[in-house]
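Visitor: Before I ask anything, here is the structure I am working with.
The values are calculated or read from the model by the stated rules, or taken from the named source; none is laboratory data. Quantities reported herein were computed from a predicted structural model and do not represent experimental measurements. Methodologically, a virtual Cβ is constructed for each residue, glycine included, from the backbone with ideal geometry; neighbour enumeration extends over all protein chains shown.
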């Protein structure tokens with residue numbers, strides 16, 4: 001059963017359809033609330049919506065996916081529908097996201113950055129258990145940043161001008 005009713009959809013200030021724009025908007029939102037842009041590595045997103053007044057956000061994808069964050073060796077599964085309430089530095093009332101701890105899948109309910117200066121992000125379960133990881137683990141290099149890095153690497157480190 002979907003948590004996103006027609007009433008919620010009607011009250012949304014922004015609704016987007018299609019994977020490409022939803023990918024961009026989800027990363028933009030994470031940046032806006034000062035959380036790492038790679039926290040929601042969803043695929044084939046069908047719809048995303050934001051109610052700026054309440055902070056309620058939803059992302060719908062074609063099917064659930066399991067993603068491995070290689071830098072920390074953690075598996076995370078994302079349901080076909082992920083919902084949350086967002087505010088600066090926090091994702092609260094999260095649904096549709098579970099992480100594997102030992103042999104169990106544990107639901108996550110909150111994600112927050114203690115302070116941007118610490119460079120750490122904390123994941124909390126409804127039972128009160130939590131884990132904290134470096135923010136850099138969840139950062140994904142943007143395509144524009146990749147192009148700039150490649151251009152900088154291709155350019156000479158210094159230019160010497162000789163007069164004839």
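Visitor: Would you call residue 83 more than 14 Å from the chain's Cα centre (by Cα) and farther than 16 Å from residue 17 by Cβ?
Guide: no
Visitor: To continue, here is another question. Going by what's in this entry, would residue 60 be described as over 12 Å from the mean Cα position of the chain (by Cα), assigned to a strand (DSSP E or B), at pLDDT 95 or above and surrounded by fewer than 16 Cβ atoms within 10 Å (Cβ to Cβ)?
Guide: No: the conditions fail for residue 60.
Visitor: Could we say that residue 86 is modelled with pLDDT under 95, crowded, with 16+ Cβ neighbours inside 10 Å and touching a strand residue (DSSP E or B) at 6+ places or on another chain (Cβ under 6 Å) here?
Guide: no
Visitor: Another question, then. Could you list, in sequence order, the residues of segment 85-111 that are in contact (Cβ under 8 Å) with a residue 12 or more places away in the chain and on the phi > 0 side of the Ramachandran plot?
Guide: 89, 93, 96
Visitor: Also: Go through 32, 53, 28 for me and flag whichever is in contact (Cβ under 8 Å) with a residue 40 or more places away in the chain, more than 23 Å from residue 100 (Cβ to Cβ) and loosely packed, with under 15 Cβ neighbours inside 10 Å.
Guide: The unique qualifying residue is 53.
Visitor: Continuing with this model, one more query. Looking at residue 95 and the list (1) surrounded by 17 or more Cβ atoms within 10 Å (Cβ to Cβ); (2) closer than 26 Å to residue 128 by Cα, which single condition is not satisfied?
Guide: Just one mismatch for residue 95, condition (1).
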